[in-house]
Amino acid sequence: MRDLIQHEQFELDVLSRLQSGRFLGALVFGGGTMLRLCHGLNRYSVDLDFWFAREMDWAKFYRRMEKYLEQYYTIADSANKHYTILFELKAPQFPRALKIEIRKTIRKVKTETIIAYSPHSSVQVLLKTVALEDMMTSKIEAFLDRREIRDAYDIEFLLKRGIDLKADNDILTKLLAELGKLGKKDFSVKLGSLLDVSERKYYVGNGFRILETKLKNKLGQY
């Protein structure tokens, strides 16, 4: 867990730099790291994911951000792709590389202004985030697309926070079916490596019981 704690400090260090460089005003923070740093998600997350808040000159933004970041970090990789801008950063005081992905697709999502923080860091950053209702929709789409157990964990986290599963029955049926395909290794290794010990034991023993029960109720299977 020590390297994940240090990585979380790295994430906040980069967010603070981006705020100081006036990049965050054009971006909306989303994904699992947003849920952890802004809403207390009980798993570690290792990437910084953003959407652009508005159309702009992508190439100019990319060049300016690259020039700014290289003052503070080693840029292991960077690319201005058709749909995304990508950076991979390294710093000697942090054990892991940090990936930044900024999607160029402008999505009409509700946003909130929230402080990102961690109990492992003194840094706090005020930034614009995807509202939880739209994050639920995004996480359902992500899980059905890439079948990563961390997305299912985030869906159950949002459900426990009172966010409804707003999707048609076909999508909810697919979601329930894909949850059923997750195996013991998914819970003990893929998800377990991102969780503290008590949380890991719970999910190895219970799986996504709360989420599955809610889905079955909505689909009339109980």
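Values computed for the structure shown
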read-out: Flag if Phe10 is buried (at least 18 other Cβ atoms within 10 Å of the Cβ) and under 11 Å from the mean Cα position of the chain (by Cα); value: no
read-out: Test for Asp154: is it part of a helix (DSSP H, G or I) and either open to solvent by 80 Å² or more (accessible area, probe 1.4 Å) or modelled with pLDDT under 95 (or both); value: no
read-out: Condition met for Ser118 (in a loop (DSSP other than H, G, I, E, B), open to solvent by less than 20 Å² (accessible area, probe 1.4 Å) and either over 22 Å from Met65 (Cα atoms) or not hydroxyl-bearing (Ser, Thr, Tyr) (or both)); value: yes
read-out: Breaking point among (1) among the basic types (Lys, Arg); (2) touching a residue at least 60 places away in the same chain (Cβ under 8 Å); (3) in contact with a strand residue (DSSP E or B) (Cβ under 6 Å, 6 or more places away or on another chain), for Arg103; value: (2)
read-out: Residues (within 22 Å of Thr105 (Cβ to Cβ), part of a helix (DSSP H, G or I), open to solvent by less than 40 Å² (accessible area, probe 1.4 Å) and in contact (Cβ under 8 Å) with a residue 40 or more places away in the chain) located in the stretch 32-82; value: Gly32, Met34, Leu35, Cys38, Met65
read-out: Residue in the stretch 83-100 that is most open to solvent (accessible area, probe 1.4 Å), counting only those that are part of a strand (DSSP E or B) and without any contact (Cβ under 8 Å) to a residue 60 or more places away in the chain; value: Lys90
read-out: Boolean, Phe23 is over 26 Å from Ala152 (Cα atoms) and buried (at least 16 other Cβ atoms within 10 Å of the Cβ); value: yes
read-out: Any chance Ile155 is more than 18 Å from the chain's Cα centre (by Cα) and not small (Gly, Ala, Ser); value: no
read-out: Scope the stretch 164-196; condition open to solvent by 50 Å² or more (accessible area, probe 1.4 Å), under 19 Å from Leu41 (Cα atoms) and either of a type in the set (D, E, K, R) or at pLDDT below 90 (or both); matching residues; value: Asp164, Lys190, Asp196
read-out: Selection status of Phe10, outside any strand (DSSP E or B), in contact with a strand residue (DSSP E or B) (Cβ under 6 Å, 6 or more places away or on another chain) and in contact (Cβ under 8 Å) with a residue 60 or more places away in the chain; value: yes
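The values are calculated or read from the model by the stated rules, or taken from the named source; none is laboratory data. What you see is a predicted model, and the numbers here were worked out from it, not measured in a lab. FYI the Cβ positions are ideal-geometry reconstructions off the backbone, even for glycines, and counts take in every protein chain you see. Just so you know, the surface numbers come from the protein's heavy atoms only, side chains and all, with ligands and any DNA or RNA stripped out. Shrake-Rupley method; radii C 1.70, N 1.55, O 1.52, S 1.80 Å.
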